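Notes follow the structure.
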Ligand SMILES: [Zn+2]
């Protein structure tokens, strides 16, 4: 009897390995369909993402709001459950729920996360972390070094080091990570030449620089994805990799058209690397989606057009313009003329001044909104919106990703297709307004 059970167990293990697929799950934070279409117009050529053979829509509402934040949305996309805005991997009743990455690891699948924000930020944290508040990044750093992840690339060493960082508890989580089997690297050069099996790569104290300004020791997203795929695929066994284009969201919060363009392109290049991998290994499922739409981006403010040529003249993001001007409005006028090719009117300046009084981001937000309006691009908010986001799929099993999905369905469908089902009951909340 015992022999029979051993054989059965072995058969199950073999089954998992034979049927399991590689999964590359790419999330453009804040990326609505218009962010993609605008980027395609600005590039003047088709985006890789928009060549997807299978597409659908994804509803994004959270357990306590019709407009989600990235923590609740990340939890839905990682764990398959609705939770309250702000919570990561924990349900409104306090139950911690495993992520698709944790379930994959339990099944012997190698896992990785690659992002351009701090690795303790909401979206990546949803794949390994369990905290009531997304602001608890020190705890998330502890959970990360205890996690089964094999590859972690991004920013945010300030939450891992005892001195010069954000920790007051004197814990050295870099030492803890090494004790748990991670190699630790901090530069693009170290990453490009890395040849080990398990690595924590933190390339900045906080987030990586924006794609449009990044250089030197910080890698680009496509380079990180290429290295992660090399590490995870080297023994030929199946893996799970999550990739986030983290900063599309922030540029959209700032209503910054140039920033959205550059961040979306960086993300699209990362998707291209995933597709190149798929061409080599067809037993790979690639799913590209977003956690929510940011900004309410609208491709016209009227007049049956928007002005692509003016937008193509923009060469700096608004955070750069804001910081270079140092709050001096005449300097801002000069900078905008030199780097964006447009003149700010007195009315524009008055608008930016008013926005600047509203929050610490208000000055840059005001510049972003004004530069958008110059090109007949509209935004409904500096926050997230409740609209659906697109999902795109390529490769093995991609044909299942058509139709309208709830965000909680995506990780469950991916895990089912990949061969390590998430066999936990769905915690559903009614659509807000249905009560
Ligand atoms: Zn956001």
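Consider residue 65 against the criteria (1) surrounded by fewer than 24 Cβ atoms within 10 Å (Cβ to Cβ); (2) closer than 20 Å to residue 416 by Cβ; (3) within 16 Å of the ligand (Cβ to nearest atom): it satisfies all of them except one. Which criterion is unmet?
Looking at each condition in turn, residue 65 falls short on (2).
Can you tell which of 42, 47 is outside any helix (DSSP H, G or I) and either modelled with pLDDT of 95 or more or within 16 Å of the ligand (Cβ to nearest atom) (or both)?
Values: 42 fails: outside any helix (DSSP H, G or I).
Going through 42, 47 in turn, the sole match is 47.
Can residue 319 be described as within 30 Å of residue 242 (Cβ to Cβ) and in the same structural domain as residue 225 (by TED's automatic domain parsing)?
no
Which condition from (1) at pLDDT 95 or above; (2) away from the ligand (no atom under 16 Å from the Cβ); (3) farther than 15 Å from residue 112 by Cα is the one that residue 227 breaks?
Result: residue 227 passes all but (3).
Taking the conditions exactly as written (assigned to a helix (DSSP H, G or I), free of Cβ contacts under 8 Å to residues at least 60 places away in the same chain, assigned by TED's automatic domain parsing to the domain that holds residue 55 and under 25 Å from the mean Cα position of the chain (by Cα)), does residue 273 satisfy them or not? Quick ask: steps written out before the conclusion?
Numbers: assigned to a helix (DSSP H, G or I): yes; free of Cβ contacts under 8 Å to residues at least 60 places away in the same chain: yes; assigned by TED's automatic domain parsing to the domain that holds residue 55: yes; under 25 Å from the mean Cα position of the chain (by Cα): yes.
Yes.
Could you list all residues from region 400-415 that are touching a helix residue (DSSP H, G or I) at 6+ places or on another chain (Cβ under 7 Å) and in a loop (DSSP other than H, G, I, E, B)?
Once the filter is applied, which keeps residues that are touching a helix residue (DSSP H, G or I) at 6+ places or on another chain (Cβ under 7 Å) and in a loop (DSSP other than H, G, I, E, B), region 400-415 yields 407, 408.
From (1) within 16 Å of the ligand (Cβ to nearest atom); (2) over 17 Å from residue 414 (Cα atoms), pick out the condition that doesn't hold for residue 27.
Status for residue 27: all satisfied but (2).
Quick grid of which residues meet (1) within 15 Å of the chain's Cα centre (by Cα); (2) farther than 27 Å from residue 104 by Cα; (3) in a loop (DSSP other than H, G, I, E, B); (4) not assigned by TED's automatic domain parsing to the domain that holds residue 275:
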{"position": "25", "(1), (2), (3), (4)": "yes, no, no, no"}
{"position": "31", "(1), (2), (3), (4)": "yes, no, yes, no"}
{"position": "36", "(1), (2), (3), (4)": "yes, yes, no, no"}
{"position": "64", "(1), (2), (3), (4)": "no, yes, yes, no"}
{"position": "67", "(1), (2), (3), (4)": "no, yes, yes, no"}
{"position": "84", "(1), (2), (3), (4)": "no, no, yes, no"}
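(1) within 30 Å of residue 336 (Cβ to Cβ); (2) crowded, with 23+ Cβ neighbours inside 10 Å; (3) within 16 Å of the ligand (Cβ to nearest atom): which one isn't true of residue 244, the others all being true?
(1)
Checking residue 79 against (1) buried (at least 23 other Cβ atoms within 10 Å of the Cβ); (2) within 14 Å of residue 386 (Cβ to Cβ), which single condition isn't satisfied?
(2)
Can you pull out the helices (runs of 4 or more DSSP H) entirely within region 95-200 that have at least 3 residues that are crowded, with 23+ Cβ neighbours inside 10 Å and touching a helix residue (DSSP H, G or I) at 6+ places or on another chain (Cβ under 9 Å)?
Working: elements: 100-106, 122-125, 137-146, 173-179, 188-193.
In region 95-200, the matching helices (runs of 4 or more DSSP H) lie at 100-106, 122-125, 137-146.
Given the residues 223, 244, which is the only one that is free of Cβ contacts under 8 Å to residues at least 60 places away in the same chain and either outside any loop (DSSP other than H, G, I, E, B) or more than 28 Å from residue 138 (Cβ to Cβ) (or both)?
Working: 244 fails: free of Cβ contacts under 8 Å to residues at least 60 places away in the same chain.
Exactly one residue qualifies, and that residue is 223.
The values are calculated or read from the model by the stated rules, or taken from the named source; none is laboratory data. Predicted, not measured: the structure shown is a model, and the values here were computed from it. Because the Cβ atoms are built from the backbone with ideal geometry, glycine has one as well, and the counts that use them run over all protein chains shown.
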